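Step one of this worksheet: look at the structure below.
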Amino acid sequence: MTQQILRNQEHTSEQKTRGDRRGRPSAPIGVFDSGAGGLTILADLRKQLPHEHFVFFGDTLNNPYGPRTDAEVRELAQLATRFLLEQDVKMIVVACNTASQAALETLRMAFPQLPFVGVVPAVKPAARLSQKRRIGVVATNSSVKAAYLQNLIATHAAGVEVAVAACPELVTLVEQGRIEGPEVDVILRQSLRPVLEKDIDVLVLGCTHFPALRLAIEKIVGENVQVIDSGSAIARRTQWVLETEELLRPAEQEERGTVQLWSSGDATAFQRTASVILGYPVTVTQAKNYPQVSG
């Protein structure tokens, strides 16, 4: 059934991606994630690009992506892309580490005229910042096991001891909108212990969900450990792509861009979580009849 949906949407999607995007700077930027984690990327994008319009899609119906096969993640990423194309976006930010690692190149081949920006764990800047030459990386199960992360470490952290830990329970906390409090602190201490025991001085948040817990994480790790993520770098990269493609929306009387939030699952639950993560009340619309991919 899902493959049939993909085929039914193919003609419309191809028409959109074939279209000349130059002259469409007022169109929104699409952002998607398996759930609420990508909202941390959205926040950084809005800081960097305050005049841009955004459409965010959280695929909560098929969340989480981490335990899925690469083939399933590629299928889900293409479905999310086609949904955003229906919202007439001019480019897409894949605000999910799992989807970026498994599907970004597939998306670029499937939609060759649509610019994509993916997220990359901040291993390179962490290696440069570390004085002790010991850093930690926390991510999801799939990201920790992925050859992509190992290649990043081999390429950009040569001579640096890298402690890696899978922390899927932190994704659950964020999806539930639980980003602070005594119970959260207990879970964080347990989850971060494997990397903190290595006496690191830089901690990489290798999942877009984790920056939502930054304040709580910084309290746990202490002032001697610097916590970094890739959000601001992704925002700068997005601006560079917009400028290169002549898609940057001009500032018009300092007008701030708008944000539309969509969810493939329970819109009410996602709205509560999104409001907590973003720090202001939002409205979420449910994507009706969005396909559920069995895994």
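The values are calculated or read from the model by the stated rules, or taken from the named source; none is laboratory data. Because the structure is predicted, anything quoted here is derived from the model rather than measured. Counting neighbours? That spans all protein chains shown, and the Cβs are built from the backbone with ideal geometry, glycine included.
Of all residue pairs spaced 6 or more apart or on separate chains, those with beta-carbon atoms under 6 Å, a first member in the stretch 217-236 that is within 11 Å of VAL202 (Cα to Cα) and a second member that is at pLDDT 95 or above and of a type in the set (Asp, Glu) are VAL225/ASP201; VAL227/GLU218. Suppose the filter is closer than 27 Å to GLY58 by Cα and of a type outside the set (Phe, Trp, Tyr); does VAL162 pass it? No, not satisfied.
Let's see how each residue does on (1) farther than 17 Å from PHE270 by Cβ; (2) charged (D, E, K, R); (3) modelled with pLDDT under 95; (4) assigned to a helix (DSSP H, G or I):
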{"position": "PHE32", "(1), (2), (3), (4)": "no, no, no, no"}
{"position": "THR40", "(1), (2), (3), (4)": "no, no, no, yes"}
{"position": "VAL55", "(1), (2), (3), (4)": "no, no, no, no"}
{"position": "ASN63", "(1), (2), (3), (4)": "no, no, yes, no"}
{"position": "GLU75", "(1), (2), (3), (4)": "yes, yes, no, yes"}
{"position": "LEU85", "(1), (2), (3), (4)": "yes, no, no, yes"}
{"position": "VAL89", "(1), (2), (3), (4)": "yes, no, no, no"}
{"position": "GLN101", "(1), (2), (3), (4)": "yes, no, yes, yes"}
{"position": "THR106", "(1), (2), (3), (4)": "yes, no, no, yes"}
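Taking the criterion of being without any contact (Cβ under 8 Å) to a residue 60 or more places away in the chain, surrounded by 15 or more Cβ atoms within 10 Å (Cβ to Cβ) and under 30 Å from ARG108 (Cβ atoms), would at least one residue in the stretch 170-183 satisfy it? For the stretch 170-183, residues without any contact (Cβ under 8 Å) to a residue 60 or more places away in the chain, surrounded by 15 or more Cβ atoms within 10 Å (Cβ to Cβ) and under 30 Å from ARG108 (Cβ atoms): present.
Hey, among PRO291, PRO281, PRO250, which residue is over 28 Å from SER143 (Cα atoms), part of a loop (DSSP other than H, G, I, E, B) and in contact (Cβ under 8 Å) with a residue 24 or more places away in the chain?
Details: PRO291 fails: over 28 Å from SER143 (Cα atoms); PRO281 fails: in contact (Cβ under 8 Å) with a residue 24 or more places away in the chain.
It is PRO250.
For the stretch 121-137, a residue qualifies if it is of a type outside the set (D, E, K, R) and surrounded by fewer than 19 Cβ atoms within 10 Å (Cβ to Cβ), and the qualifying residues are PRO125, LEU129, GLN131.
Among the residues of the stretch 184-200, write down those that are within 15 Å of GLU169 (Cα to Cα) and in contact (Cβ under 8 Å) with a residue 24 or more places away in the chain. Write out each step before concluding.
From the stretch 184-200, those within 15 Å of GLU169 (Cα to Cα) are 184-194; that's our starting set.
Matches in the stretch 184-200: VAL184, ASP185, LEU188, ARG189, SER191, LEU192, PRO194.
Considering only the stretch 258-269, I want to know if a residue exists there that is in contact with a His (Cβ under 9 Å, 6 or more places away or on another chain) and not β-branched (Val, Ile, Thr).
Yes, the stretch 258-269 contains at least one residue that is in contact with a His (Cβ under 9 Å, 6 or more places away or on another chain) and not β-branched (Val, Ile, Thr).
Yes or no, residue by residue, for (1) within 13 Å of the chain's Cα centre (by Cα); (2) outside the structural domain of ALA166 (by TED's automatic domain parsing); (3) farther than 26 Å from LEU248 by Cα:
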| position | (1), (2), (3) |
| --- | --- |
| ARG24 | no, yes, no |
| PRO28 | no, yes, no |
| SER34 | yes, yes, yes |
| LEU42 | yes, yes, no |
| HIS51 | no, yes, no |
| PHE56 | yes, yes, no |
| ASN62 | no, yes, yes |
| ALA71 | no, yes, yes |
| ARG74 | no, yes, yes |
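Within the stretch 255-274, being surrounded by fewer than 22 Cβ atoms within 10 Å (Cβ to Cβ), polar (S, T, N, Q) and more than 20 Å from GLU52 (Cα to Cα) holds for THR268, GLN271.
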